[in-house]
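Chemist: My questions all concern the structure below.
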Amino acid sequence: QVQLVESGGGLVQAGGSLRLSCAASGHTFSNLGMGWFRQAAGKEREFVAATSWSGGSTVYADSVKGRFTISRDNAENTVYLQMNNLKPEDTAIYYCAGSSRPVATLKQQYSLWGQGTQVTVSS
């Protein structure tokens, strides 16, 4: 059974940085396009970033472009989300997800989901 487990969330002041990790097990990780989504309280889950199987292609939501970086290490079966210059509006539960598509941006294109990790940015 495939499992995605996120870690690295926490409380940070505005302007600070966090690095999220998502470890995959039970699947051929390098065959998966990987993405990060987030869901703030009372809001819909939204796309943040995605990377292709090799990591050679990436795509970002406009709201995080230039501040967040998605990367992956297929040898370690792990995908990362480096988050810099964090803002209070980045506060949300962050989920990693796996897809058969290389750089999917829609929730329905992902079939594998982690349990989420909370990121809270104080002003």
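The values are calculated or read from the model by the stated rules, or taken from the named source; none is laboratory data. Model, not experiment: these values are computed from the prediction. Reconstructed Cβ throughout: ideal geometry from the backbone, glycine too, with neighbour counts over all protein chains shown. Keep in mind that these areas ignore ligands, DNA and RNA; they rest on the heavy atoms of the full protein, side chains included. Shrake-Rupley method; radii C 1.70, N 1.55, O 1.52, S 1.80 Å.
Chemist: Could you check how many residues of the range 33-55 are in a loop (DSSP other than H, G, I, E, B) and open to solvent by 50 Å² or more (accessible area, probe 1.4 Å)? Step through it out loud before you land on a result.
Modeler: Start the filter on the range 33-55 by keeping residues that are in a loop (DSSP other than H, G, I, E, B), which leaves 40-45, 52-55.
Checking the rest, the ones that are also open to solvent by 50 Å² or more (accessible area, probe 1.4 Å) come to 41-45, 53-54.
So the count comes out to 7.
Chemist: Please name all residue pairs, on different chains or six or more residues apart, with Cβ atoms under 7 Å, provided the first residue is in the range 97-123 and is without any contact (Cβ under 8 Å) to a residue 12 or more places away in the chain and the second residue is open to solvent by 80 Å² or more (accessible area, probe 1.4 Å) and basic (Lys, Arg).
Modeler: As it stands, the answer is Gln109/Arg101, since those pairs meet every condition given.
Chemist: Every residue in the range 61-83 that is among the hydrophobic types (A, V, I, L, M, F, W, C) and modelled with pLDDT of 95 or more, please. Explain how you work it out, then say what you get.
Modeler: Here is the first cut: in the range 61-83, the residues among the hydrophobic types (A, V, I, L, M, F, W, C) are 61, 64, 68, 70, 75, 79, 81, 83.
Across the range 61-83, the qualifying residues are Ala61, Val64, Phe68, Ile70, Val79, Leu81, Met83.
Chemist: Any idea which residue in the range 109-123 is nearest to Val2 (Cα to Cα), counting only those that are assigned to a loop (DSSP other than H, G, I, E, B) and open to solvent by less than 20 Å² (accessible area, probe 1.4 Å)? Let's see the steps before the verdict.
Modeler: Going through the range 109-123, the residues assigned to a loop (DSSP other than H, G, I, E, B) turn out to be 110-111, 114-116, 123.
Next cut, open to solvent by less than 20 Å² (accessible area, probe 1.4 Å) only: 110, 114, 116.
Details: Tyr110: 13, Gly114: 10, Gly116: 15 Å.
So, considering only residues that are assigned to a loop (DSSP other than H, G, I, E, B) and open to solvent by less than 20 Å² (accessible area, probe 1.4 Å), the one nearest to Val2 (Cα to Cα) is Gly114.
Chemist: Need pairs with beta-carbon distance below 7 Å; first residue open to solvent by less than 70 Å² (accessible area, probe 1.4 Å) and within the range 56-80, second part of a loop (DSSP other than H, G, I, E, B) and among the small types (Gly, Ala, Ser); sequence gap 6+ or separate chains.
Modeler: Ser71/Gly55; Arg72/Gly55
Chemist: Can you tell me which residue within the range 22-48, out of those that are in contact with a Leu (Cβ under 8 Å, 6 or more places away or on another chain) and closer than 17 Å to Gln108 by Cβ, is modelled with the lowest pLDDT?
Modeler: Out of the qualifying residues, it is Leu32.
Chemist: What is the residue count in the range 81-105 for residues that are closer than 18 Å to Thr28 by Cα, open to solvent by 20 Å² or more (accessible area, probe 1.4 Å) and of a type outside the set (A, V, I, L, M)?
Modeler: The total comes to 3.
Chemist: Right, another one. If you go through the range 5-13 one residue at a time, do you hit one that is over 15 Å from the mean Cα position of the chain (by Cα), closer than 15 Å to Gln118 by Cα and either of a type in the set (S, T, N, Q) or assigned to a loop (DSSP other than H, G, I, E, B) (or both)? So that I can check it myself, show each step before the final result.
Modeler: Narrowing the range 5-13 to residues over 15 Å from the mean Cα position of the chain (by Cα): 11-13.
In the following step, the residues that additionally are closer than 15 Å to Gln118 by Cα were identified as 11-13.
Still in the running and either of a type in the set (S, T, N, Q) or assigned to a loop (DSSP other than H, G, I, E, B) (or both): 13.
Scanning the range 5-13 turns up at least one residue that is over 15 Å from the mean Cα position of the chain (by Cα), closer than 15 Å to Gln118 by Cα and either of a type in the set (S, T, N, Q) or assigned to a loop (DSSP other than H, G, I, E, B) (or both).
Chemist: May I pose another question? Please find, within the range 42-53, the residue that is nearest to Thr120 (Cα to Cα) out of those that are of a type outside the set (D, E, K, R) and in contact (Cβ under 8 Å) with a residue 12 or more places away in the chain.
Modeler: This residue is Val48.
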